[in-house]
């Protein structure tokens, strides 16, 4: 999946991970959370934010699948929540 790919439905993650991200999405605040997740001082634009979130989530997913000790499920949930929120803002459908 690439950021510019309009078919974000191809994103497949464990159901429990997606459920946790959707629960976390309820308290997501773009100005606060996106800067923290991306390590920036300023909130990026929607396209730039989506591209960086997709890259970050892909790296987290690779670590999860590989079973790396550095994998952080809490961060993965937060990044997925931000990704879901940004996709909703951009009005790009997300799979169930």
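Computed from the coordinates by the stated procedures, all read-outs in this text should not be read as laboratory data. Everything quoted here is computed from the prediction, not taken from an experiment. FYI the Cβ positions are ideal-geometry reconstructions off the backbone, even for glycines, and counts take in every protein chain you see.
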Would you mind putting 61-72, 43-54, 16-27 in packing order, based on average other-beta-carbon counts within 10 Å, highest first? 43-54, 16-27, 61-72
Difference of contour (0.36 nm per residue) and Cα-Cα distance, residue 40 to residue 70: 8.6 nm
Normalise the Cα radius of gyration of the stretch 33-75 by 2.2 N^0.38 Å (N = residues in it) and let me know the number. 1.26
